[in-house]
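Data block below; observations after.
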Amino acid sequence: MAVALELSNVSKVFHKDKKPVRAVDGVSLSVSPGEMVTFLGPSGCGKTTILRMVAGFETPTGGAVSIDGRDVTNVPVNRRDIGFVFQNYALFPHMSVFENVAYGLRVKGTGEADIRRKVGEGLELVGLKGADKAFPNQLSGGEQQRVALARVLVLEPKVLLMDEPLSNLDAKLRIHMRTEIRRIQKQLDVTCLYVTHDQGEALTMSDRIMVMNKGKVEQIGPPRELYSDPRSLFVADFIGQANIIPGSVVAFDGTNVLVSVAGVKIGVRAVKNASFTPCAPAALVVRPENLMPSEEGMAGTVRTATFLGGRMEYEVILEGGGEVLSFDPFLPGKKTFSEGERIRLYFDPSVAVALET
Amino acid sequence: MNSKAPLSVPERVSPFKRDPALLPALAAVWVSLAVFVLYPVIRLFLVTFMAEGQLSFANLTAALSNWYDRQAFVNSLWLAAAVSAAGTLLGYVYAFAVTRIALPPWVKWLLGAVTILPLISPPFTSSIALTLSLGPNGILLKLLGVGNFNFYGFWGTWLSETLTYFPVAFMTLAAILSAVDPNLEDAALSLGASPGRVFRTVTLPLSIPGIANSVLLLFAGSLADFATPLVLAGHNFPVLPTQAYLQITGLYDLRGGAALSFLLLVPAMAVYVLQRFWVGKKSYVTISGKSGARSAFKSKGRLAEGLVTGVCFFVTAFILYLYSLILWGAMVKVWGVDNSLTLENFRYVFTHGRKAILDTLSVAAVATPLGGLLAVVVGYLSQRKKFFGNRAMEFFSLLNYALPGTVVGIAYIIAFNEKPLHITGTMTILVAAYMFRYSSAGIRAVIASLHQIDPSVEEASASLGASAARTFFRVTVPLVIPAVLMGMRYLFILSMTAISSTIFLVSVKWNLLTTRILECMTELQFAQACAFSVVLILLVFAATAVMAGLTRLAARRISGEGGRG
């Protein structure tokens, strides 16, 4: 049942104070049937604009959108068979929960008996059985969110589009709802695009993540790939915490690169399609959990030492300049460092990656 | 650190002790409300319900048994219903065009500007222009070749009042339509609904509170309107305000006039109470978190858009036509007879009308700052201080505005034409009439702006050691100044253009521009009436432009950004 979705070279130019702003700049993406793709990026990066163009709320300035092989670029919203979940839920305040969920079915001209059955099923699916007589303002944020979800799911849309649907919920509920949404999406096998600025949401829910910055795609890939092999400093920094250590290239063989960092020569993986030249600057991306106190490695001074229960966090000023963050699992009896103390940090070169700067 | 915090004050201490200025301020407000709002209304009731020294319905039954007066009552209600329906519909069309259709900015500006015109004009403007075009020898009639057409009566009054009052509907509805979360309409579209269905099932139901409010406002406006029916209704279509006026000025029958104005007061009060306690509570417009981007204007269907824009253009053109007619009428020698241009009429206005101009300006200039002060004090007391009767204080301070002007005027001549307060014929009575009737907008604006200012700002001042009076003058007043100036602008406009209450209160010593226009109309001096209207509109326009500038300046100084005009 699930359908494919294709964006080819989509752009959107807005006019702000009579100056054109490229909110979305040549974005291409193909989504397989049943796949869940998250758009991740800072606010203003164009992720919501893309989603609204897929929905049909905005018309692309250039490029094309196709759903299930059909070009829908100029098809109005109400004939696209999409389900859109809004950040503020956009429940109709003058209708009961039942009428909200039944709205799309009534538009389709579904029979009253079918409407009753489908609304019941929809509310059951999102865990709100029996709430059909309530009005939106009598529900909590989380419940409103579920109604909004049920309202689009009863229509069995070809594509489910969600615009930061969890950002108005509190932290605990957010974590619960993200597994819930993922479960429903898999159960119904519906193609889904999901916009968020929360990397935790993106990492836990998606088949693939599209990281965006300033209207352009930075990288598209499965969560783990993005974490272990960021293609750019932006992605490295945006997903998880990263130490970006400046160094210079010594040698490069196409897949691995020898980098000189803080007086030490280290061989690490090179970013894909890189072209390092000797003596050029390079940046080493090392995750804090891969940078641990040791007998050998880069020397530095502890600036702050913080105990977090499960681990110690050290902010270290390296001898060659630069500041890094190190996570050390805490075990009773293990040596800890205090502020001002000399420290050496070691990392496993096979899990670090070098980027061009 | 905590010994001087306001929280340490025991809760049972009387507010009067904590704030020594409160009692005198309260006393001053209540005394003035009692004298200029409650007392006249009570006197009106007494005159209506007392006959030969005892309680009686004789005056009322006399009015109700008179066929002509009964007809006036029915006509008034029927006219008000028709005007509120048509005006609200037209206002909705305008508001929809401005908030929902992708029109070029200059078109939206034009639509907004045209709706301002009737609001700052004297109430006769559209009546005069309509008389000149559709009355006997009207130029539109000549143009269309219609010979025998009686424009006076229901249709003329209805048309003129609809054009005069629809801007009120427009402002109410534009506010509510632009407050409807655009995501709701987007959501309905994404669920498959057509633009027409979205309008029917989402936009329209969500604007119902605004529609109800607009219907009530226009009903009250038309019910109270005095100037339009006086010029256009004629003898076959009597309405209450003009009947009451004629009863008093023509027949010197104060009791009959009081009874008729009581009949007018009952539906007006019903509307006021409905509006305050029913419509006020029924609103779906809520701000729930971040509502996301306002989406680009999506087509509502070519037919609907064409129809809405067409209506707006037609009405806008008609209003502009009416106003140019006034200007033209002011510049010809004798309307319809000798159409050569002249400035003679303006010379007449500045010589024979000089006193009226100066009197009107003096009354408005005195009433405006006093009304502003009243608005600040009443707004502050009722919004910020909790004490017995502050809801009642708010209610009475807005009461005179809710009553039709004719009722207030009649109540004032009944109350103030004899001792102990014999002030008819003075400037005081004109100022008081305007001040207590038209400061309502200012009071409501002050209450609204205080509602938005967190009380902690004032608490901060108090915790820094300032007295209540110092906090009020140094913190609260500067923060509400934009609201007060807005209210004063409104008060000034109405003081310049009102007639319904003050027609009873003018005298040889104190005359007003609006009454001069009425005199010209009754003596069929159309050219002079037009010239007076033009001068009055220009005066109001100049004065409001100055005050709008002041408002913007004050708003900028306080918020650091452009204020709302």
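The values are calculated or read from the model by the stated rules, or taken from the named source; none is laboratory data. Bear in mind that the values here come from a model prediction, so they are computed numbers and not experimental data. Here Cβ is always computed from backbone atoms with ideal geometry, including for glycine, and neighbour counts include all displayed protein chains.
So the values come out like this:
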{"quantity": "Test for residue A:56: is it in contact with a Pro (Cβ under 7 Å, 6 or more places away or on another chain) and at positive phi", "calculated": "yes"}
{"quantity": "Residues being buried (at least 21 other Cβ atoms within 10 Å of the Cβ) and either farther than 16 Å from residue B:217 by Cα or not assigned by TED's automatic domain parsing to the domain that holds residue B:309 (or both) - total across the range B:152-171", "calculated": "3"}
{"quantity": "Residue ranges of helices (runs of 4 or more DSSP H) in the range B:360-465 with at least 1 members of a type in the set (A, V, I, L, M) and farther than 30 Å from residue B:241 by Cβ", "calculated": "B:440-452, B:455-463"}
{"quantity": "Cross-chain or 6+ apart pairs with Cβ under 7 Å, the range B:491-508 first and more than 19 Å from residue B:533 (Cα to Cα) and in contact (Cβ under 8 Å) with a residue 12 or more places away in the chain, then surrounded by fewer than 24 Cβ atoms within 10 Å (Cβ to Cβ) and not aliphatic (A, V, I, L, M)", "calculated": "B:505/B:424; B:507/B:425"}
{"quantity": "Cβ-Cβ under 8 Å pairs, at least 6 apart or on other chains, the range B:450-473 side farther than 15 Å from residue B:376 by Cβ, far side hydrophobic (A, V, I, L, M, F, W, C)", "calculated": "B:457/B:475; B:457/B:479; B:461/B:475; B:462/B:468; B:463/B:5; B:466/B:475"}
{"quantity": "Every residue from the range A:176-212 that is part of a strand (DSSP E or B) and more than 12 Å from the chain's Cα centre (by Cα)", "calculated": "A:191, A:192"}
{"quantity": "Those residues of the range A:161-172 which are surrounded by fewer than 24 Cβ atoms within 10 Å (Cβ to Cβ) and away from chain B (no Cβ under 11 Å), in sequence order", "calculated": "A:170, A:171, A:172"}
{"quantity": "Helices (runs of 4 or more DSSP H) enclosed by the range B:2-54 - at least 2 residues per element that are modelled with pLDDT of 70 or more and surrounded by 14 or more Cβ atoms within 10 Å (Cβ to Cβ)", "calculated": "B:22-33, B:39-49"}
{"quantity": "Some residue of the range B:335-352 being surrounded by 16 or more Cβ atoms within 10 Å (Cβ to Cβ), at pLDDT 80 or above and hydrophobic (A, V, I, L, M, F, W, C)", "calculated": "yes"}
{"quantity": "Selection within the range A:267-291 - assigned to a loop (DSSP other than H, G, I, E, B) and crowded, with 18+ Cβ neighbours inside 10 Å", "calculated": "A:271, A:274, A:276, A:287"}
{"quantity": "Residue ID - surrounded by the most Cβ atoms within 10 Å (Cβ to Cβ), chosen from residues in the range A:218-258 that are polar (S, T, N, Q) and in a strand (DSSP E or B)", "calculated": "A:243"}
{"quantity": "Among residues of the range A:133-188, those that are touching a Leu at 6+ places or on another chain (Cβ under 7 Å), over 17 Å from residue A:90 (Cα atoms) and charged (D, E, K, R), counted", "calculated": "2"}
{"quantity": "Residue ID - nearest to the chain's Cα centre (by Cα), chosen from residues in the range A:30-42 that are surrounded by fewer than 23 Cβ atoms within 10 Å (Cβ to Cβ) and farther than 13 Å from residue A:195 by Cβ", "calculated": "A:35"}
{"quantity": "Among residues of the range B:250-294, those that are closer than 30 Å to residue B:185 by Cβ, surrounded by 18 or more Cβ atoms within 10 Å (Cβ to Cβ) and modelled with pLDDT of 75 or more, counted", "calculated": "1"}
{"quantity": "Residue count for the range B:59-90, restricted to those that are within 19 Å of the chain's Cα centre (by Cα), under 17 Å from residue B:261 (Cα atoms) and of a type outside the set (A, V, I, L, M)", "calculated": "1"}
{"quantity": "Residue check, residue A:122 within 14 Å of chain B (Cβ to nearest Cβ) and more than 30 Å from residue A:28 (Cβ to Cβ)", "calculated": "yes"}
{"quantity": "Subset tally (residues that are buried (at least 16 other Cβ atoms within 10 Å of the Cβ), part of a strand (DSSP E or B) and not charged (D, E, K, R)) for the range A:329-357", "calculated": "7"}
{"quantity": "Condition met for residue B:134 (at pLDDT 75 or above and more than 25 Å from the chain's Cα centre (by Cα))", "calculated": "yes"}
{"quantity": "Residue count for the range B:348-386, restricted to those that are touching a helix residue (DSSP H, G or I) at 6+ places or on another chain (Cβ under 6 Å) and without any contact (Cβ under 8 Å) to a residue 12 or more places away in the chain", "calculated": "0"}
{"quantity": "Strands (runs of 3 or more DSSP E) (entirely within the range A:19-107) containing at least 3 residues that are within 11 Å of another protein chain (Cβ to nearest Cβ)", "calculated": "A:82-85"}
{"quantity": "Segments classed as helices (runs of 4 or more DSSP H), wholly inside the range B:146-232, with at least 2 members that are of a type in the set (Val, Ile, Thr) and within 14 Å of another protein chain (Cβ to nearest Cβ)", "calculated": "B:208-224"}
{"quantity": "Single residue of B:370, B:358 found to be at pLDDT 85 or above and exposed (fewer than 14 other Cβ atoms within 10 Å of the Cβ)", "calculated": "B:358"}
{"quantity": "Some residue of the range A:50-57 being in contact (Cβ under 8 Å) with a residue 12 or more places away in the chain, surrounded by fewer than 16 Cβ atoms within 10 Å (Cβ to Cβ), more than 26 Å from residue A:200 (Cβ to Cβ) and among the small types (Gly, Ala, Ser)", "calculated": "no"}
{"quantity": "Per-region count, the range B:156-204, residues closer than 21 Å to residue B:84 by Cβ and free of Cβ contacts under 8 Å to residues at least 12 places away in the same chain", "calculated": "1"}
{"quantity": "Any hit, the range A:139-155, residues being more than 9 Å from every other protein chain (Cβ to nearest Cβ), surrounded by 24 or more Cβ atoms within 10 Å (Cβ to Cβ) and assigned to a loop (DSSP other than H, G, I, E, B)", "calculated": "yes"}
